[in-house]
Amino acid sequence: MFEKTLSDLVSGIRSSRRNTALYISQNIAEIKTELQSPDFFVKSNALQKLTFLQMMGYTMSWAAFSAVEVMSSPRFAHKRIGYLAACQGLDPDNSPVVLLTTNLLKKELRGATVGGSGEGMYNAGLAINCLSNIVTEDLGRELLPDLLHLLNHPNPYIRKKVLLCLYKVFLKYPQG
């Protein structure tokens, strides 16, 4: 199956001045079929396009579970797309999918403490950034001990991100 890339979508939107809404609705239908693919490359490409459309004002709340699936990919490039889609598309107050991210975020945060550097550090950075955008009271309660442990991380990259994330966590979970 040949799928359009993000640049194809942008150039198609620019070239279809009269029927932009029709072109976008056709692409959303294609994105829905692409998100059902088992291939992470296809799913991440679809999430990139959907994230762009979300920035244009279209909703992507129906693709929240696909964003969580791509977040769990072993490839960093796919994880980055999944975490961006989760930051923009998940509504922490109304989406039950946010609770599914708890164990995934916990795993990424604990992965930063094992080696202290390398890929685990950047995966934890993605998780911390996402957590600061989708934090709820339940997520704050579950992940606060892991975040506090990361305040003693040897890398300032992680410590800075954790400190800024803790501000957002304490806004949602003040008794922490």
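Checking Ala21 against (1) within 18 Å of Ile81 (Cα to Cα); (2) free of Cβ contacts under 8 Å to residues at least 40 places away in the same chain, only one condition comes out false. Which one?
With (1) within 18 Å of Ile81 (Cα to Cα); (2) free of Cβ contacts under 8 Å to residues at least 40 places away in the same chain applied to Ala21, the lone miss is (1).
Inspect all residues belonging to region 93-108 and state whether any of them is surrounded by fewer than 22 Cβ atoms within 10 Å (Cβ to Cβ), free of Cβ contacts under 8 Å to residues at least 40 places away in the same chain and part of a loop (DSSP other than H, G, I, E, B).
yes
Quick one: which of Leu100, Leu84 is among the aliphatic types (A, V, I, L, M) and more than 12 Å from the chain's Cα centre (by Cα)?
The match here is Leu100.
How many residues, within region 52-71, are over 21 Å from Leu104 (Cα atoms), part of a helix (DSSP H, G or I) and either modelled with pLDDT under 90 or of a type in the set (S, T, N, Q) (or both)?
Residues that pass the stated criteria total 1.
Of the residues Gly140, Gly111, which single one is touching a Lys or Arg at 6+ places or on another chain (Cβ under 6 Å), modelled with pLDDT under 95 and either farther than 27 Å from Lys32 by Cβ or surrounded by fewer than 16 Cβ atoms within 10 Å (Cβ to Cβ) (or both)?
Matching residue, one of Gly140, Gly111: Gly140.
Hey, can you tell me all the residues within region 23-55 that are of a type in the set (Asp, Glu) and either surrounded by 17 or more Cβ atoms within 10 Å (Cβ to Cβ) or over 16 Å from Ile13 (Cβ atoms) (or both)?
Glu34, Asp39
The values are calculated or read from the model by the stated rules, or taken from the named source; none is laboratory data. Because the structure is predicted, anything quoted here is derived from the model rather than measured. In this analysis, Cβ positions are derived from the backbone assuming ideal geometry, glycine residues included, and neighbour counts consider all displayed protein chains.
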